[in-house]
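Nothing in this text is a laboratory measurement; each read-out follows from the coordinates by a stated rule. Bear in mind that the values here come from a model prediction, so they are computed numbers and not experimental data. Because the Cβ atoms are built from the backbone with ideal geometry, glycine has one as well, and the counts that use them run over all protein chains shown.
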């Protein structure tokens with residue numbers, strides 16, 4: 001990673017730095033666009049379809065279930081707005097979710113949909129808490145794979161099994177987990193999924209993915225319709241509103257060609273690493289570093305919120321230091337070329353696999369060096 005020599009970068013849960021393959025893909029696209037215009041448009045379009053196949057392979061699902069979107073929020077709204085809600089239906093969302101996994105569901109209250117909030121238990125989102133809010137009116141549970149502030153990784157397989165047993169669908173906000181943790185949709189049949197490419201996938205902003213299980217495709221109303229939504233989409237002379245038999249029907253207009261090329265390049269890097277070193281290589285490395293940082297921060301006098309159980313851990317370590325404001329810690333860290341975020345009343349460090357022990361030490365040194373208020 002080009003950023004690594006200068007910065008100890010721990011902000012992947014916000015916006016990750018571009019990987020070298022992504023940066024090279026953007027430079028190549030820009031040169032082509034400037035020098036050749038749309039004469040190479042078929043090549044760009046082919047890369048878009050290649051990205052679709054990459055995501056289908058990553059998730060072990062049908063390529064027709066993949067929809068390329070600009071961001072996670074778009075993917076959540078595709079389902080929240082398109083689902084055939086009835087007055088009196090309900091959806092369950094955990095307490096403390098990122099607003100993008102709350103507002104789209106609250107927006108359905110105008111249709112008579114109740115949003116039921118599952119309380120966190122010691123800051124954690126448990127399957128038991130989510131299922132306690134399910135009743136005969138519940139149609140869907142929408143949950144983050146990994147909490148953006150807590151770093152708590154939910155027991156997804158257990159959740160899907162219990163929800164489906166009750167006839168409830170599961171929407172997964174996968175932005176804090178996709179590419180890091182393996183997900184086989186044949187084994188864990190999530191109903192809907194959305195994620196961005198600009199965090200852990202190390203791609204650009206404005207390029208992401210949604211998965212709409214084909215068993216639900218016809219149930220969703222396609223609200224944003226354009227030339228890209230239909231079969232024979234290049235038949236401009238005799239256009240017909242006949243939607244594509246695929247999740248790509250939600251890709252109404254022109255694709256983000258440059259974003260797709262960059263995300264594809266970065267995603268391929270991750271796929272290659274997992275193929276060479278094992279499907280759990282990236283997640284194991286990240287969780288190992290996070291566990292180490294958790295202990296080092298505790299030794300430095302910080303109070304952390306890192307989950308105790310390994311199956312719930314992620315690359316996110318949120319901490320507090322008595323006598324120090326989170327914003328003060330972040331500011332001092334930035335001056336020392338250590339990048340963090342402030343979330344949920346604490347300081348969030350989000351570690352990726354390319355970080356190393358020297359990066360962790362730089363962060364710990366910042367914490368140790370700061371004078372506490374008495």
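The spacing between region 222-249 and region 145-171, judged by their C-alpha centroids, is 33 Å. Considering all projection directions equally, how large on average is the shadow of the alpha-carbon convex hull of region 1-150, in square nanometres? The directionally averaged projection comes out at 12.8 nm².
Tell me what the chain gives for mean residue ellipticity at 222 nm when only DSSP H runs of n ≥ 4 count, each as -39,500 (n - 2.57), the sum divided by the residue total, rounded to 500 deg cm²/dmol. Show your work: numbers first, answer last.
Numbers: 10 runs with 130 residues, N = 374.
The per-residue figure over the chain is -11000 deg cm²/dmol.
Simple spin-label estimate for residue 24 and residue 87 gives 6.0 nm between the two label positions (7 Å along the Cα-to-Cβ direction from each Cα).
Rounded to the nearest 10 degrees, the inclination of helix 72-82 to the longest alpha-carbon principal axis of the chain is 50 degrees.
With an a/c value of 1.5 or above and a/b not larger than b/c for the gyration tensor axes a ≥ b ≥ c computed over the alpha-carbon atoms, region 1-87 is described as oblate.
Ranking of 254, 283, 233 by neighbouring Cβ atoms within 10 Å, starting from the fewest: 254, 233, 283.
Does anyone have the angle between helix 257-277 and the longest principal axis of the chain? Alpha-carbon axes, 0 to 90°, nearest 10? Long axis of 257-277 versus the principal axis of the chain: about 60 degrees.
Relative to the dominant Cα principal axis of the chain, helix 41-59 is inclined by about 60°.
Share of antiparallel DSSP beta bridges in region 21-274, in percent to the nearest 5? Percent antiparallel among DSSP bridges in region 21-274 is about 40. Calculated FRET efficiency, residue 1 and residue 243, Cβ-Cβ r, R0 51 Å, to nearest 0.05? Approximately 0.80, to the nearest 0.05.
Distance between the pseudo-spin-label points of residue 335 and residue 60 (7 Å out from Cα toward the beta carbon): 5.0 nm. With the largest listed first and rounded to whole Å, the semi-axes of the equivalent ellipsoid of region 178-229 from the Cα gyration tensor are 23, 19, 6. Residues 342, 67 in ascending order of nearby Cβ atoms (within 10 Å, fewest first): 342, 67. As a rough guide to protection, the peptides 144-155, 313-324 ranked by mean Cβ packing within 10 Å, highest first, stand as 144-155, 313-324.
Across 118, 309, 163, mean-square fluctuation computed from a Gaussian network of the chain (C-alpha pairs under 10 Å connected) peaks at 309.
Here r is the Cβ-Cβ distance between residue 45 and residue 322 and R0 is 51 Å; the resulting FRET efficiency, rounded to 0.05, is 0.35. Residues of region 315-350 with backbone nitrogen within less than 20 Å of a virtual label 7 Å along the Cα-to-Cβ line of residue 299, please, listed as ranges. Under 20 Å, as judged by backbone N against the label point of residue 299, lie 316-322, 349-350 of region 315-350.
Ranked by Cβ crowding within 10 angstrom, fewest neighbours first, how are 139, 343 ordered?
139, 343
The label-point distance for residue 358 and residue 110, in a model that sets each label 7 Å from Cα toward Cβ, rounds to 5.5 nm.
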